[in-house]
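Here is the structure we will look at.
The values are calculated or read from the model by the stated rules, or taken from the named source; none is laboratory data. Note that the structure is a prediction, hence the values are computed from the model and not measured. Glycine also receives a Cβ, built like all others from the backbone with ideal geometry; neighbour counts cover every protein chain displayed. Just the protein is used for accessible areas: all its heavy atoms, side chains included, with ligands, DNA and RNA removed. Shrake-Rupley method; radii C 1.70, N 1.55, O 1.52, S 1.80 Å.
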Amino acid sequence: MAYNPILGRPFESLVFSSVFSGRWAQFANRLYIFSPSCFESFRMIAQVDSTRFVELVAKSRLVDHAALEKFLAQFRDRFGPELPQDVGQFSRAMVDAGLLTAWHSEKLLAGKYKGFFLGKYKLLGHIGTGGMSSVYLAEHTRLHDKRAIKVLPRTRVKDATYLARFQLEAKAIASLNHPNIVLAYDIDNEGDVHYIVMEYVEGIDLQGLVRRDGPLPPVQAALLLAQAADGLQHAHQRGVIHRDVKPANLLLDLEGKIRLLDMGLALVSAEEESLTVLHNENVLGTADYLAPEQALNSHQVDHRADIYGLGCTLYFLLTGRPPFPGRDSRSENCQAPKGDANFDTETQGRLPW
């Protein structure tokens, strides 16, 4: 009988003794003690074999019945009548066949088969999570167009006032229509899950570009930022202040066009008090690109705060670092950065002025 040196009792006395044995039991026990959430995922994966995986796929509705049966028939013709013991091999085969995404496979292997659909859209993968929302890659179930779906947390929609103000501001942001701004197409909800349907753009953000390739040549940096400035001007003329202009929110698409991302902190001019005043902290934005006046009060800024962020972004593109690194939006050094943002000798040698 395997013995647990930490708890001082046999492994068989633990709740998962019927699932694991031997070395697997030792590993599972340590995982259970130090990270219960990781253990739960491990336990679910261990319990999902190929037969169970097929059942979960059917329950998920990710693959229609005819397509699933056709895949299984072809798989059995190639590899034999029995499904493989290696469920990972089987799940990869479904991904390679284009029936599932890697994200689908990961969730199904963890025993999860719900939550893959939102309204008219099938979720294909998780793009990222920010302080205000999570963004998923999705596909329209009939038109098969790719979209980015921004999902708002349930905790934010329990207040009717918050929801009403969100809808008002989201509609204002959706009114922006410019080639240098990622478009918003629709606002909808499914129960208490509220979301915005946005244009999906393939590419790399400028922060990732600089990390990959290093600082940009001055001419290239200026041309990219000029496009961003065009998009911001369009927003400003319609009373929308972005308030979070930074390299990570400027996407370079596959055609070389800059697209302004993430209007989640945008301030919309309106007669009523802004939603962000009622429900957010006083200081919004990213510290390294935050204008001093925005560090004092994010709700009373104008277009000049975005211009400041754009200037800090240009500095980053040329040097690979923000002009005043290490700023904290909660401290005085963010409100009034000291000194000049000088260029180093190497950068100065590349500049045309």
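Structure data summary
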{"item": "Residue pairs meeting the criteria (Cβ under 6 Å; at least 6 apart or on separate chains; first more than 16 Å from Arg238 (Cα to Cα), in the range 303-315; second assigned to a helix (DSSP H, G or I) and open to solvent by 10 Å² or more (accessible area, probe 1.4 Å))", "result": "Gly309/Tyr289; Cys312/Tyr289; Leu314/Leu225"}
{"item": "Hits in the range 77-101 (condition: modelled with pLDDT of 95 or more and at positive phi)", "result": "Gly98"}
{"item": "Count of residues meeting criterion [over 14 Å from Arg61 (Cβ atoms), without any contact (Cβ under 8 Å) to a residue 60 or more places away in the chain and not in a helix (DSSP H, G or I)] in the range 78-110", "result": "10"}
{"item": "Candidates Glu169, Glu139 - the one that is modelled with pLDDT of 95 or more and in contact with a strand residue (DSSP E or B) (Cβ under 6 Å, 6 or more places away or on another chain)", "result": "Glu139"}
{"item": "Matching residues, the range 122-149, being open to solvent by 20 Å² or more (accessible area, probe 1.4 Å), in contact (Cβ under 8 Å) with a residue 12 or more places away in the chain and assigned to a strand (DSSP E or B)", "result": "Lys122, Leu124, His126, Ile127, Ser134, Val135, Tyr136, Leu137, Glu139, His140, Lys146, Arg147"}
{"item": "Residue match in the range 111-120 (condition: under 16 Å from Asp64 (Cβ atoms) and part of a helix (DSSP H, G or I))", "result": "no"}
{"item": "Residues (closer than 18 Å to Ala148 by Cα and open to solvent by 50 Å² or more (accessible area, probe 1.4 Å)) located in the range 87-121", "result": "Ala102, Gly115, Lys120"}
{"item": "Unique residue being modelled with pLDDT under 90, in a helix (DSSP H, G or I) and among the charged types (D, E, K, R) when the list is Asp288, Asp186", "result": "Asp288"}
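Yes or no, residue by residue, for (1) farther than 17 Å from Leu251 by Cβ; (2) buried (at least 16 other Cβ atoms within 10 Å of the Cβ):
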{"residue": "Asp188", "(1), (2)": "yes, no"}
{"residue": "Val197", "(1), (2)": "yes, yes"}
{"residue": "Asp205", "(1), (2)": "no, yes"}
{"residue": "Arg211", "(1), (2)": "no, no"}
{"residue": "Leu216", "(1), (2)": "no, yes"}
{"residue": "Ala226", "(1), (2)": "no, no"}
{"residue": "Leu232", "(1), (2)": "no, yes"}
{"residue": "Ala235", "(1), (2)": "no, yes"}
